[in-house]
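**Student:** Got a structure here, written out as structure tokens. Questions coming.
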Amino acid sequence: MFYTCSSSCQNTSHRHSPSDGAAGMFSLPKQTAASAAASKRSPSSKPLPSKVLKRISPAKVVDVHCHYLSPVVGAKYAHLHPAKHDATAVYATELSRQVNMKQIQERGAKFNQVEVRIKDMDKMGIDLQVISPAPIQYFYFTEPQLGARISRDINESIAMVVEQRPDRFVGMGTIPLQDVELAIQELEYAVNVLGLRGVEICTNVNGKNLTDPELKLEKFFAKAESMGIVLFLHPMGFSEGQRFVEHYFNNVMGNPLETSLALGHLIFDGVLARYPKLKILASHGGGYIASYWARMDHAWKARADARTVIQKKPSSYLEKIYFDSITHDSQILGNLVDRYGAQRILLGTDYPFDMGEDHPIKLIESVRHLSEKDRTFIKGGNAMKLFKIKA
């Protein structure tokens with residue numbers, strides 16, 4: 001429903017063509033290549049000197065977990081019926097589907113209208129958003145070449161949003177993980193040409209673990225490490241969700257379980273050991289694994305089948321992960337900070353979904369034992385450094 005404008009739409013940023021009428025679809029601008037070249041020349045894509053980072057204003061607040069749903073892609077590829085490949089929609093009751101549809105109808109403008117988004121950011125006290133694609137637009141299920149074209153459309157649409165308000169947005173893109181060579185090509189384009197700061201990836205690819213040999217993603221992880229970009233690990237429901245149908249469990253419990261499983265494979269299958277400088281940001285506070293790490297360590301010590309690859313205890317690799325603050329509870333967030341350190345935690349909201357955190361600053365402030373320095377790190381200092389954002 002939110003892929004079209006109302007008949008009274010006068011927003012010039014939507015770039016309706018004369019033949020569209022006021023109710024026409026959004027369209028990508030013809031000068032995308034030129035603006036992309038400008039982004040490539042921007043010094044903001046280069047690492048910042050440490051003395052510059054020290055001058056970051058303590059008032060700067062950055063949201064690293066917020067989604068943009070491209071209306072262009074939604075309209076252009078609606079015939080592919082992406083919801084049929086969304087585990088949270090497949091494994092759901094009819095009531096859950098109705099609630100989700102109502103959410104889309106009520107919040108549609110928040111997903112893709114810059115003015116609405118900025119108003120909400122101001123209300124929440126957010127200075128900058130690191131916007132990433134809505135998970136429904138992964139499109140891993142498509143034929144690889146088509147998936148690459150869709151990824152390009154999504155990435156250019158996100159670059160357009162950043163171009164409109166570079167003072168309020170930086171972007172992350174998407175890549176066709178169903179084909180490693182095309183994924184690497186699009187990663188290079190998204191970062192080096194469009195100026196995006198990383199890519200969002202799902203916790204699985206069409207039901208296969210990210211470490212599945214058939215996917216051949218080893219080259220991708222090596223490339224991501226060498227480029228120094230962020231991989232934002234974000235699930236789209238639990239892929240084997242037959243027992244998660246009722247009560248919206250495929251999101252409520254399935255999403256953190258998916259993240260836990262993905263991180264577990266990245267650790268136990270040796271990806272994080274082979275690529276120690278890989279920058280992974282785990283959504284929703286890292287799922288369950290971040291709080292229940294000791295069971296992994298125990299298994300690694302007690303059982304030979306749990307230490308077939310890695311030489312160090314699993315939690316030592318987990319300590320290299322970054323986590324967003326979406327925990328919905330001050331004690332859980334405090335425990336996360338205590339275990340991994342304030343410099344590993346970044347403010348996130350999951351905007352504009354209803355499972356997000358509407359008061360992220362209040363949540364951080366409610367963790368009483370944090371120092372002001374730690375609060376500054378979590379609210380934005382860590383994000384400024386990780387995403388190489390200029391002060």
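**Student:** With the condition kept exactly as written, say whether any residue in region 183-194 is part of a helix (DSSP H, G or I) and under 30 Å from Lys119 (Cβ atoms).
**Tutor:** So far as region 183-194 goes, yes, one or more of its residues are part of a helix (DSSP H, G or I) and under 30 Å from Lys119 (Cβ atoms).
**Student:** In addition: Consider Ile289 carefully, then state whether it is at pLDDT below 95, in a loop (DSSP other than H, G, I, E, B) and either touching an Asp or Glu at 6+ places or on another chain (Cβ under 7 Å) or not acidic (Asp, Glu) (or both).
**Tutor:** Answer is no for this residue.
**Student:** Which is in a loop (DSSP other than H, G, I, E, B) and either basic (Lys, Arg) or farther than 18 Å from Asn255 by Cβ (or both), of Val337, Val367?
**Tutor:** Val367
**Student:** Under 8 Å between Cβ atoms, which residue pairs at least 6 apart in sequence (or on different chains) link something in region 248-267 that is touching a residue at least 60 places away in the same chain (Cβ under 8 Å) with a partner that is in a helix (DSSP H, G or I) and among the hydrophobic types (A, V, I, L, M, F, W, C)?
**Tutor:** Sorted first by the residue in region 248-267, then by its partner, the pairs are Tyr248/Val99; Asn250/Ala87; Gly254/Ala87.
**Student:** Among the residues of region 61-80, count how many are in a helix (DSSP H, G or I), in contact (Cβ under 8 Å) with a residue 24 or more places away in the chain and not aliphatic (A, V, I, L, M).
**Tutor:** 3
**Student:** Would you confirm, using the coordinates I've provided, whether Ser239 is over 17 Å from the mean Cα position of the chain (by Cα) and at pLDDT below 95?
**Tutor:** It is true that Ser239 is over 17 Å from the mean Cα position of the chain (by Cα) and at pLDDT below 95.
**Student:** Within region 292-315, work out how many residues are without any contact (Cβ under 8 Å) to a residue 40 or more places away in the chain and either part of a helix (DSSP H, G or I) or touching a Leu at 6+ places or on another chain (Cβ under 6 Å) (or both).
**Tutor:** Qualifying residue count, region 292-315: 13.
**Student:** Moving on. Hey, can you tell me all the residues within region 95-131 that are surrounded by 14 or more Cβ atoms within 10 Å (Cβ to Cβ), out of contact with any helix residue (DSSP H, G or I) (no Cβ under 9 Å at 6 or more places or on another chain) and within 16 Å of Pro166 (Cα to Cα)?
**Tutor:** Ile118, Met121 - these are the residues of region 95-131 that are surrounded by 14 or more Cβ atoms within 10 Å (Cβ to Cβ), out of contact with any helix residue (DSSP H, G or I) (no Cβ under 9 Å at 6 or more places or on another chain) and within 16 Å of Pro166 (Cα to Cα).
**Student:** Now a separate question. I want to confirm something. Restricting to region 139-154 and keeping residues that are over 18 Å from the mean Cα position of the chain (by Cα) and not in a helix (DSSP H, G or I), which single residue is surrounded by the most Cβ atoms within 10 Å (Cβ to Cβ)?
**Tutor:** Thr142
**Student:** Among the candidates Val337, Val309, single out the residue that is among the hydrophobic types (A, V, I, L, M, F, W, C) and touching a strand residue (DSSP E or B) at 6+ places or on another chain (Cβ under 6 Å).
**Tutor:** Every option except Val337 fails the conditions.
The values are calculated or read from the model by the stated rules, or taken from the named source; none is laboratory data. As the structure is a computational prediction, the values presented were derived from the model and not from experiment. Reconstructed Cβ throughout: ideal geometry from the backbone, glycine too, with neighbour counts over all protein chains shown.
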